[in-house]
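Read through the structure below, which is laid out as structure tokens, and then see the notes.
Derivation of every value follows stated rules applied to the coordinates shown; laboratory data play no part. Everything numeric in this text was worked out from a predicted model, so none of it was measured. Because the Cβ atoms are built from the backbone with ideal geometry, glycine has one as well, and the counts that use them run over all protein chains shown.
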Amino acid sequence: MEANMRTIKTMVVLLFFSCVCSFGKGGAMSILIESTAFKNGQPIPAKFTCDGQDVSPPLAWKNIPEKAKSIVIICDDPDAPVGTWVHWVCYDIPANVTSLGEGVPKTDSLPEGGKQGISDFKRIGYGGPCPPSGTHRYFFKIYALDGMLGLPAGKTKKDIEHVMKGHIVDKGELVGVYSRVR
């Protein structure tokens, strides 16, 4: 019995340190990202898709760590038939910025500070959900980084992920779904 209790205590301690050590290395997610347009796991309104105005939804976040210097936002669809499809890439957003309004202009620079990258639509800025069939999931991922990436506008998700490796201090995500009505 006593040996079992020691084993359980050891496992609890190892689990605790595993969680603590994974924080900031891709393990923990404590940033809360929300939208007034849709709730987590719920449908994205057509306004924010290729069937509507194709404007970016409003996003707001909180619980950014004090040591964060910049924010990265990536929106992608892992259900696309060709593999994960990138809908939006934003980076070098100052850490004191806590939201992006609806309809972010499709320009190199963000009004709040920061830059936009190239989506898989081969253009700068947001490209909304436009699934060929079925219901797809759209992950709005936010990363807090320990510095600015310092890259020019127009970089891809792959470029950003490569440079931000080892610099993520926390992250979060918001998932929306969309099905096209035909």
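The residues neighbouring I124, those whose beta-carbon lies less than 11 Å from its own, together hold a net charge of +4 under the Lys/Arg +1, Asp/Glu -1 convention. Peptides 44-53, 72-81, 86-95 ranked from most to least packed, by the mean per-residue count of other Cβ atoms within 10 Å: 86-95, 72-81, 44-53. For the range 69-153, the C-alpha radius of gyration divided by 2.2 N^0.38 Å, with N the number of residues, is 1.10. Placing +1 on the Cβ of every Lys and Arg and -1 on the Cβ of every Asp and Glu, with no other charges, gives the range 31-179 a dipole of roughly 140 debye about its Cα centre. Note on the range 31-179: Rg/Rh from Cα positions, Kirkwood definition for Rh, rounded to two decimals, is 0.94. A simple count of charges around T36, restricted to other residues whose Cβ falls under 13 Å of its Cβ and scoring Lys, Arg +1 and Asp, Glu -1, yields 0. What is the distance in Å between the Cα centres of the range 36-62 and the range 110-182? So the two Cα centres are separated by 14 Å. Lys and Arg at +1, Asp and Glu at -1: add these up for the other residues within a Cβ distance under 13 Å of L174 and post the number. Charge balance near L174 sits at +2.
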